[in-house]
Every structure is written in C-alpha cells, then in structure tokens.
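Read-outs: derived from the displayed coordinates by stated rules, not from any lab. All values derive from a computational prediction rather than experimental measurement. Backbone-built Cβ (ideal geometry, glycine too); neighbour counts: all protein chains shown.
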Amino acid sequence: MVRRATPLERTLGLKFRDPALLEQALIHPSYINEAGPSGSALVSYDRLEFLGDAVLGAAVTAELFHRCPDLPEGQLTKLRSSLVSGNTLARVARGLQVGQYLRLGRGEAASGGANRDTNLAAALEAIVGAAFLDRGFDQARKLVIGLMDGETQRVLSSGIPEDPKSRLQEVAQRMGNNPPSYRTVGEEGRDNSKEFEAEVLMNGEVLGRGRGTRKVDAQRQAAREALRRLEGVRT
C-alpha cells in the first residue's frame, strides 16, 4: 500500500522514503528528557541538525556562486552569512509552520518553544540533514534552494547587507560618542541550541537589545535597535 505524504512533506515538496528520518528531525531534546524509559528508543534532532547545517551551507554557497558570477569572495561571504543566520532560518521554518510539528517536552512547549527561533532554525537544519540521508545531496540541495528562494531573492534585491554593528560604530564616531560596547545579558536553551540576549551601550546608556541564536546575531539585532533610536529609520 502506497504511503500518503504527510502535510509537512506536501509543504516541503518532498516525500521521504524513510519517514522515520523526518520524524526524528522534529524531536526536540526536551521531549526525550521528559519521556523517561518510554523514550529510550527515540533520538533527538541534534545529530541531524549538525549534518543539515553543513548541507545547507554548501547548497547556499553553491547557489550564490552561480547566481552572482561577478561578486568577489568577501561579498559572497556576507550574503551567505545573512542567509544561513539563525534568524533567517527561523523565519523560513516559521513560514513552513514547522513549529506545529515539533515534539517538545511539556516545559519547553509551555514556555513557547514551538515558536522559539533556536528550535525552529535547528529543526529546519535537521530536516535538511534528514533529506540528505534519505535522498542524497542533489535532492537535499534542491530542497534548500526551494525553501530559501524567497530569502535569497530578498537579499539579492536589497544588495549586500550592511553590518549594523559597523554602521553603529560609524554613527557613534560621527556623533563624537564613545564606541558602542556589547554585553550578553541572557541565555536560554541547551548548549547546542541556545538563544542569546544582548545589549548595546554607548556612553554607559543602553540603546538597544536583541536576541539571536548566536551572540553575534543578538548583538546585531541590538545594534539595529540602537540605530533606529539614533537615526529614526529602520535598518
């Protein structure tokens, strides 16, 4: 009997030969931690996330290389960094409604884990890793290109993203202020799926706060908020 594609498979446009791989890609570590002996046979998405991160990075790099034949290495690096950032991946996963399929522990679910950027980005990478194991690199690459197409077009049409931290540094110099400084004020999640909160200060005053799956992402978000306050424009 032919297995019907699941709603998520239909959204992805890819039917898995081994559906257990996709199921594993959606198991958050907290689900196993709370399952006790009954969860001993389950495996979280951690290893698939590790694999998917590499596959996704390679696919995005190759796509940018071919779509932007005139761009030098430095600009390609900036574009890739923007596309594979935790915030971008979480936005893509949210558009696919990945959060509703995540298997979370009760505590993680109650604290909003289904909509947490770190969980969504990790699950998306795990799905890519599962696709690689199930269908090979070529199909996984096609999946990545399709899922990331909207973000890729957005980045290419808006030009090379300017680092908000560098821009804030220039604004501070122009205003005659001390250089901005950053500090991490919060961390949530496991070691391999943390979300950080950062503040940016200028002359001792907190001008912006941000969150991200990496410290640098949180700092950039904080810098964007500071720029909005100082310049009165969105960045």
**Complete:** At q = 0.14, 0.15, 0.16, 0.21 Å⁻¹, the log10 of I(q)/I(0) for region 14-146 from a Debye sum over equal Cα scatterers comes to -0.63, -0.71, -0.79, -1.20
**Message:** Relative contact order of region 7-158, please, whole-number percent, based on alpha carbon pairs below 8 angstrom and at least 6 residues apart.
**Reply:** 37
**Message:** Can you give me the angle between helix 117-135 and the longest principal axis of the chain, using Cα atoms only, in degrees from 0 to 90, rounded to the nearest 10?
**Reply:** 40
**Asked** Cα axis of helix 46-67 to longest principal axis of the chain: angle in degrees, 0 to 90, nearest 10?
**Response** 60
**Complete:** Helix 137-158: inclination vs the chain longest Cα principal axis, degrees, rounded to 10, gives 30
**Item:** In Hz, Karplus ³J(HN,Hα) per residue of region 71-85 (6.51, -1.76, 1.60; θ = phi - 60°; x = Gly, Pro)
**Value:** 7, x, 4, x, 6, 4, 4, 5, 5, 4, 4, 5, 6, 9, 5
**Prompt:** ³J(HN,Hα) across region 219-230 via Karplus (A = 6.51, B = -1.76, C = 1.60, θ = phi - 60°), whole Hz, x for Gly/Pro?
**Reply:** 5, 5, 5, 5, 5, 4, 5, 5, 5, 4, 5, 7
**Request:** Kindly provide the trypsin sites (Lys or Arg not before Pro) of region 1-33 that DSSP labels as loop, not H, G, I, E or B, and whose Cβ sees at most 13 other Cβ atoms within 10 Å.
**Result:** R3, R4, R17
**Prompt:** Is it possible to state the helix-based mean residue ellipticity at 222 nm for the chain, with each DSSP H run of 4+ residues giving -39500 (n - 2.57), the sum divided by total residues, to the nearest 500 deg cm²/dmol? What is it?
**Reply:** -18000 deg cm²/dmol
**Asked** Using modelled amide H (1.01 Å from N, peptide plane; none on Pro or chain starts), what sits under 5 Å from the amide H of G186, excluding residues fewer than 5 places away?
**Response** E197
**Item:** Over 20 Å (Cα to Cα) - which of K165/K215; K78/K142; K78/K165; K78/K215; K15/K194 fall in this group
**Value:** K78/K142; K15/K194
**Prompt:** For the chain, what ratio Rg/Rh do Cα atoms give with a Kirkwood hydrodynamic radius?
**Reply:** 1.02
**Request:** Could you work out how far apart the two model spin labels at C68 and Q169 are, taking each label as a point 7 Å from the Cα in the direction of the beta carbon, and quote it in nm?
**Result:** 2.0
**Prompt:** Can you give the Rg to Rh ratio for region 164-231, taking only C-alpha atoms and Rh from Kirkwood?
**Reply:** 1.02
**Request:** Step through the residues of region 12-23 one at a time and calculate ³J(HN,Hα) from phi using the Karplus curve (6.51 cos²θ - 1.76 cosθ + 1.60, θ = phi - 60°), rounding each to whole Hz and writing x for Gly and Pro.
**Result:** 6, x, 9, 9, 6, 5, 10, x, 5, 5, 5, 4
